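Worksheet for the structure shown next.
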Amino acid sequence: MKKVKKFVGYGLLTLIALIGIVAYMNYPKLTILSGYSAKSMASSVFVAHRTAEFTDAHDNNFAPVNLADDRVDKQARSATASVFGLMERTAIYRDGLGAVLVTDDFDADAPYLKPDRKRTKDLRPTPYPYGDMPQKDTLFPEVDHDYLNKVVDTAFFNNDTRRTRAVLVIYKDHIIAEEYADGYDESSLFLGWSMTKSILSTFYGILEHQGKMDIMQKAPIDEWKDDERSEITINDLLLMNSGLEWIEDYGSISDVTRMLFEAKDVTTPQIFKEASHKPSEHWNYSSGTTNLLSGILRKQFDTHQAYLDFPYENLIDRIGMYSMLLEADMSGNYIGSSYSWGTIRDWAKFGLLYLHEGNWNGDQVFSEEWAKYVSTPAPNAGGQYGGHFWLNRGPDNFMPRVPKDAYSANGFQGQRVVIVPSKDLVIVRFGLAEWPDFNFDQFLGGVCEAVK
């Protein structure tokens, strides 16, 4: 009996030791879990106006993020999270800039600049998308509406797995399908994740159309002046062809997780990476590159205020995306890689702007050439990527049922704004799952096949 007790005792000690080793090895990763949870909670509660309970049950309810415990302070407009009481992180909300993860030395009471937005809706007596009046019910003879409705309904079947939140289909500027999961409606705000990259890229197209930017110029980075990185152009950055080192791994302590969950200034981490290839010789998807472009964008303006105002005056409010919010880092830079919010109808307007090659009801926001630029395959990307947009031409992500001219803004967990010029379609889907749980070829292909 003593031997059995001794054996059990040794086994328990061994188990405790193993748990300790695993905890020690993974302790640094806890900052990702607690940071993700706190940021998600703060944005969901204070930007999207959801409850903490709803956020825990949906946005933060996936492994291993669901290991984190959150608490919300509505008076301080903050959310704090930790994992087993360890690695506590806090995110705070700032008017006009959204929620941001902060460090211990961040002064939440310090004054800050924010977009000077008098975002009064222009209640024009015209239907969506150019006004605010309801659309007239329209049946297009070339659209199989019954089949389209079945395809859209299927996107919500078995929704514990597919986890679709909202779908919107626009044909010839007219909403022909719109559906929401329980708890969401046309006023709900959705996080675009990396769809924000496509928005950030668009700012460069606008500046170029205004004659204020030449994307073929060398990137204005002082740290690169005396080495081979001095040859990197803004075009190389937009096409993810800079040749700079960057590790985009969200499951570990990597370049991207350090940037999103630790950096006070997200525009700088990519600057200090070495060149592993010459410009235009290697494609590498990098959120650091997009945030570097946000920093370069800021340099185009004489003041920080002008930088903050530019996206709203020249794109977002200009085409009536009044619900949209771009979130900023601790230094007041837009986090162009990852964080923007809007209703599904406003996200669809962004797709329509590209479908119409930059023309918004007679207002040329960017040139037709820019729409062609972003939808043209980047060097070395295997046909799957253009100018901060994803394409349907490469073997890795090719969807055979979807027209090859389709291109899209894509985000984590299956956020999509898809532009299909040959079908005159914009298709938007928001959710919490992607391939293989959600089959985009089946869904997008079905929508396209409904239009003859």
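The values are calculated or read from the model by the stated rules, or taken from the named source; none is laboratory data. In this text, all values refer to a predicted model and were calculated from it rather than measured experimentally. Methodologically, a virtual Cβ is constructed for each residue, glycine included, from the backbone with ideal geometry; neighbour enumeration extends over all protein chains shown.
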Would you call M259 outside any helix (DSSP H, G or I) and either in contact with a Lys or Arg (Cβ under 7 Å, 6 or more places away or on another chain) or crowded, with 22+ Cβ neighbours inside 10 Å (or both)?
-> no
Does the range 74-84 contain any residue that is among the aromatic types (F, W, Y) and within 23 Å of S331 (Cα to Cα)?
-> no
Set S254, S201: member being modelled with pLDDT of 95 or more and assigned by TED's automatic domain parsing to the domain that holds K423 = S201
Restricting the range 120-140 to residues that are at pLDDT below 85 and either surrounded by 12 or more Cβ atoms within 10 Å (Cβ to Cβ) or not in a loop (DSSP other than H, G, I, E, B) (or both), the residue that is farthest from the chain's Cα centre (by Cα) | R124
E178: closer than 24 Å to G386 by Cβ, surrounded by 16 or more Cβ atoms within 10 Å (Cβ to Cβ) and over 17 Å from the mean Cα position of the chain (by Cα), yes or no?
-> no
Could you check how many residues of the range 342-381 are without any contact (Cβ under 8 Å) to a residue 12 or more places away in the chain and at positive phi?
-> 1
State all residues of the range 411-452 that are of a type in the set (G, A, S), over 30 Å from A57 (Cβ atoms) and assigned to a loop (DSSP other than H, G, I, E, B); if no residue qualifies, say none.
-> A450
Within the range 86-98, is there a residue that is at positive phi, modelled with pLDDT under 95 and not assigned by TED's automatic domain parsing to the domain that holds P311?
-> yes
How many of the residues in the range 152-206 are out of contact with any Asp or Glu (no Cβ under 8 Å at 6 or more places or on another chain), farther than 20 Å from P421 by Cα and either charged (D, E, K, R) or not in a strand (DSSP E or B) (or both)?
-> 23
Residue count, the range 58-87, condition among the charged types (D, E, K, R), crowded, with 17+ Cβ neighbours inside 10 Å and not in a loop (DSSP other than H, G, I, E, B), comes to 1
Any residue in the range 313-341 that's within 30 Å of W246 (Cα to Cα): show its pairings with residues that are part of a strand (DSSP E or B) and among the polar types (S, T, N, Q) at Cβ separation under 8 Å, as long as the two are six or more apart or on different chains.
-> M324/S340; L325/S340; L326/S340; E327/S340
Could you list, in sequence order, the residues of the range 409-426 that are surrounded by 22 or more Cβ atoms within 10 Å (Cβ to Cβ) and within 17 Å of the chain's Cα centre (by Cα)?
-> A409, N410, G411, G414, Q415, R416, V417, V418, I419
Out of all the residues in the range 337-350, is one or more closer than 22 Å to Q210 by Cβ, assigned to a loop (DSSP other than H, G, I, E, B) and basic (K, R)?
-> no
Do we find a residue being farther than 29 Å from F310 by Cα, touching a residue at least 12 places away in the same chain (Cβ under 8 Å) and not hydrophobic (A, V, I, L, M, F, W, C) anywhere in the range 118-135?
-> yes
Could you check, for the range 291-306, whether at least one of its residues is without any contact (Cβ under 8 Å) to a residue 24 or more places away in the chain, in a helix (DSSP H, G or I) and closer than 20 Å to D95 by Cα?
-> yes
Condition test on K299, is it under 23 Å from A99 (Cα atoms), out of contact with any strand residue (DSSP E or B) (no Cβ under 6 Å at 6 or more places or on another chain) and surrounded by fewer than 18 Cβ atoms within 10 Å (Cβ to Cβ)?
-> no
Would you check which residues across the range 237-255 are assigned to a helix (DSSP H, G or I) and touching a residue at least 60 places away in the same chain (Cβ under 8 Å) and list them?
-> L238
Mind checking which pairs have a first residue in the range 16-45 that is surrounded by 10 or more Cβ atoms within 10 Å (Cβ to Cβ) and a second that is of a type outside the set (A, V, I, L, M, F, W, C) and modelled with pLDDT under 90, Cβ under 8 Å, 6 or more apart or different chains?
-> K29/S252
Can you tell me which residue in the range 56-83 is farthest from S340 (Cα to Cα), limited to those that are free of Cβ contacts under 8 Å to residues at least 24 places away in the same chain and of a type in the set (A, V, I, L, M, F, W, C)?
-> A63
Counting only residues in the range 225-236 that are over 28 Å from the mean Cα position of the chain (by Cα) and in contact (Cβ under 8 Å) with a residue 24 or more places away in the chain, the one surrounded by the most Cβ atoms within 10 Å (Cβ to Cβ) is identified as E231
Within the bounds of the range 174-191, is there any residue that is on the phi > 0 side of the Ramachandran plot, among the small types (G, A, S) and touching a residue at least 12 places away in the same chain (Cβ under 8 Å)?
-> yes
Out of T90, T31, sole residue that is closer than 23 Å to M259 by Cα and in a strand (DSSP E or B) | T90
All positions within the range 39-67 that are over 22 Å from A328 (Cα atoms) and touching a Gly at 6+ places or on another chain (Cβ under 9 Å) = F54, H58
